[in-house]
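Peer 1: Have a look at the structure that comes next, please.
The values are calculated or read from the model by the stated rules, or taken from the named source; none is laboratory data. Please read these numbers as outputs of a predicted model, since none were measured by experiment. Here the Cβ positions follow ideal geometry from the backbone for every residue, glycine too, while neighbour counts run over all protein chains shown. Accessible surface is based on the protein model in full, side chains and every heavy atom, while ligands, DNA and RNA are left aside. Shrake-Rupley method; radii C 1.70, N 1.55, O 1.52, S 1.80 Å.
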Amino acid sequence: MGKIILTGDRPTGRLHIGHYVGSLKRRVELQNSGEYDETFIMIADAQALTDNADNPEKVRQNIIEVALDYLSCGLDPKISTLLIQSQIPELCELSFYYMNLVTVSRLQRNPTVKSEIQMRNFEASIPVGFFTYPISQAADITAFKATTVPVGEDQLPMLEQTKEIVRRFNMIYDEVLVEPDSLLPDNKACLRLPGTDGKAKMSKSLNNCIYLSDTEEETKKKIMNMYTDPNHIRVDDPGQVEGNPVFIYLDAFAKPEHFAEYFSDYQNLSEVKEHYSRGGLGDVKIKKFLNNVLQEELAPIRARRKEYEKDIPAVYEILKKGSEKAEAVAAQTLSEVKRAMKINYFEDMTFIHEQAKKFTQK
Ligand code: TRP
């Protein structure tokens, strides 16, 4: 059996550097590793609609933004299949059958759903589609028989739910579905990049994100305005490294060669941290270093985006081709699922003949 990647994002906004270190960068490395037979990257518009029913235009507008973010990060449509979830009707059919394998109380216990319900003030009025999206996500993953799902930490409960559905399905019917493994970033700082304001998470509504599509100037401005240690007032004051977003970003992005190039007073990040803790190293200096490091990483992404932006219809064509290819794969899985569930009546001539006999022998 092959090794297959599936992962995706909700198109509710442009992607930011938290998405990048948390998952996008890894996807590109995996794609280029040559170790995977297929890489499917899904723009999960149907999932985005589960909590944006009244704002379909937002989802529609952001499909192209996410597609451009993917392509500019180096996802290569010649290797990876980029698809739009809603264009694969088989996913709905799979979800419908999986719904019978999951209890309401199990969904209520899902930590991601729980916290999302809180964040959206949905407590009294949870849309059914939103409540059941872990099931639809299991369909996304299993339709492609994904073995590997590179995601951020917040998605682990979704993977757990998927595994449970796979086990139940295979036990009740037949060994059709594949149990996926998650793949988390191995650099701790990449698990969850805080916002530029020091808040735990980057979020559009908090206005604390650095977007992949931000210009060089916008990026620099955001970095120079970043929250640091509020008690580090004078340069000579000792500064706090832990929880300081500037250092977390450096943990996520700085590479050994960056020091010689942009910060040659130091050999590595530990030396910088040490000096900052001791006192005598100003925020502006570190922010300038961070800016150099980030710009180096983001410049090629921006350049590629510019190229793709010149031919938007071609980007939609990539998504169309990818969705068509993905649909063929999902259709194959669905047909195996229906066979295992014995709801493939018209394919099963032996069954029809047996039924016929039952009536003629009466
Ligand atoms: N739930 C994911 C997110 O919010 C998006 C997603 C949809 C996804 N389907 C998926 C991720 C399948 C991995 C696999 O970012």
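Peer 1: Under the Kirkwood approximation applied to all pairs of distinct alpha-carbon atoms, what is the hydrodynamic radius of the chain in Å?
Peer 2: 22.5 Å
Peer 1: What is the angle, in °, between the Cα long axis of helix 283-309 and the longest principal axis of the Cα atoms in the chain? Nearest 10 is fine, range 0 to 90.
Peer 2: With rounding to tens, the tilt is 40 degrees.
Peer 1: May I ask which residue of 352, 67, 249 lies farthest towards the positive end of the charge dipole of the chain, with charges of +1 (Lys, Arg) and -1 (Asp, Glu) on Cβ and the Cα centre as origin?
Peer 2: 352
Peer 1: Would you mind checking the tilt of helix 312-340 against the longest principal axis of the Cα atoms of the chain, expressed as 0 to 90 degrees and rounded to 10?
Peer 2: Tilt of helix 312-340: around 40 degrees.
Peer 1: Once you order the gyration tensor axes a ≥ b ≥ c over the Cα atoms, which shape class does region 242-353 get: rounded for a/c under 1.5, otherwise prolate or oblate by comparing a/b with b/c? Walk me through the numbers before you get to the answer.
Peer 2: On the way: a/c = 5.68, a/b = 2.56, b/c = 2.22.
Note, shape of region 242-353 comes out prolate.
Peer 1: Then there is this: Please report the projected area of region 200-250's Cα convex hull averaged over all directions, in nm².
Peer 2: Convex hull of Cα atoms, orientation-averaged projection: 4.3 nm².
Peer 1: Shifting gears a bit: What trypsin sites (Lys or Arg not before Pro) in region 67-161 are in a loop by DSSP, with at most 12 other Cβ atoms within 10 Å of the Cβ?
Peer 2: 78, 109
Peer 1: Now for a separate question. If you fit an axis through the alpha-carbon atoms of helix 269-278 and take the longest principal axis of the Cα set of the chain, what angle between them do you get, 0 to 90°, nearest 10?
Peer 2: Approximately 50 degrees, to the nearest ten.
Peer 1: For the chain, what does -39500 (n - 2.57) per DSSP helix run (n ≥ 4), summed and divided by total residues, give at 222 nm, in deg cm²/dmol to the nearest 500?
Peer 2: Details: 16 runs with 190 residues, N = 362.
After summing the helix terms and dividing by residue count, I get -16000 deg cm²/dmol.
Peer 1: To continue, here is another question. If R0 is 35 Å, what FRET efficiency do you get for residue 57 and residue 188 from their C-beta distance, rounded to 0.05?
Peer 2: After rounding, the FRET efficiency stands at 0.40.
Peer 1: List the lysines whose alpha-carbon lies under 17 Å from that of residue 163, not counting same-chain residues fewer than 8 positions away?
Peer 2: Cross-link targets: 3, 145.
Peer 1: With every protein chain present, what is the per residue accessible area of the chain (1.4 Å probe, Å²)? Show your work: numbers first, answer last.
Peer 2: Numbers: 18160 Å² over 362 residues.
Heavy-atom accessible area per residue stands at 50 Å².
Peer 1: Exceeding 20 Å between C-alpha atoms, which entries from my cross-link table qualify? They are 25/325; 321/342; 188/273; 114/222; 114/201; 78/325.
Peer 2: 25/325; 321/342; 114/222
Peer 1: Right, another one. Just flag the GluC sites (Glu not before Pro) in region 3-107 sitting in loop per DSSP whose Cβ has no more than 15 other Cβ atoms within 10 Å.
Peer 2: Values: sites: 29, 35, 38, 57, 65, 90, 93; in loops: 35.
Within region 3-107, the qualifying GluC sites (Glu not before Pro) (loop, at most 15 other Cβ atoms within 10 Å) are 35.
Peer 1: About the Cα centre of the chain, how large is the charge dipole given +1 on each Lys and Arg Cβ and -1 on each Asp and Glu Cβ? Please answer in debye to the nearest 20.
Peer 2: Computed charge dipole of the chain: roughly 700 debye.
Peer 1: Using only the Cα atoms of region 216-308, build the gyration tensor, take square roots of its eigenvalues as a ≥ b ≥ c, and label the shape rounded, prolate or oblate: rounded if a/c is under 1.5, else prolate if a/b is larger than b/c, else oblate. Mind dumping the intermediate values first?
Peer 2: Details: a/c = 2.55, a/b = 1.69, b/c = 1.51.
Note, shape of region 216-308 comes out prolate.
Peer 1: Let a ≥ b ≥ c be the square roots of the eigenvalues of the Cα gyration tensor of region 1-59; is it rounded (a/c under 1.5), or, if not, prolate (a/b larger than b/c) or oblate?
Peer 2: Cα axes put region 1-59 in the oblate bin.
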